[in-house]
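Structure first, then comments.
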């Protein structure tokens, strides 16, 4: 069982606890205080179901946050790995104008032209 980052398990009449740093201690306690559990210390983000967001305001907020996160990751990838990165997003909503968002570590036109040349070569060769 996990209590505040400590895993508790029952062995005989003692409870063995293991903190997040791996330190183990034992405590003798009465049997009626013991709770058996089979959970591990592995904790993480819960998985979200990927499906269209129906509420307009929630969708706009999610889009803005994820767009900014994507651009930040693209920037970091370009800097850390010394590569050219381009991200192009088209947002088209009914009743609104088409919006274009882009991030590019260099010249967008140059990267798109390189992509078209290499992409056509790969397509022509059957990759």
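At-a-glance table
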| quantity | calculated |
| --- | --- |
| Number of the exception - residue 126 against (1) at positive phi; (2) under 25 Å from the mean Cα position of the chain (by Cα) | (2) |
| Number of the exception - residue 17 against (1) modelled with pLDDT of 95 or more; (2) part of a strand (DSSP E or B) | (1) |
| Among (1) surrounded by 12 or more Cβ atoms within 10 Å (Cβ to Cβ); (2) in contact with a helix residue (DSSP H, G or I) (Cβ under 8 Å, 6 or more places away or on another chain) - the single one residue 83 does not satisfy | (1) |
| Residues located in region 96-111, provided they are in contact with a helix residue (DSSP H, G or I) (Cβ under 6 Å, 6 or more places away or on another chain) and part of a loop (DSSP other than H, G, I, E, B) | 105 |
| Qualifying residue in region 50-65 (condition: surrounded by 10 or more Cβ atoms within 10 Å (Cβ to Cβ) and modelled with pLDDT under 90) | no |
| Unique residue being more than 22 Å from the chain's Cα centre (by Cα) and loosely packed, with under 10 Cβ neighbours inside 10 Å when the list is 106, 95 | 95 |
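The values are calculated or read from the model by the stated rules, or taken from the named source; none is laboratory data. Owing to the predicted nature of the structure, the values given are computational and were not obtained by experimental measurement. Positions of Cβ are backbone-derived with ideal geometry, glycine not excepted, and every protein chain shown enters the neighbour counts.
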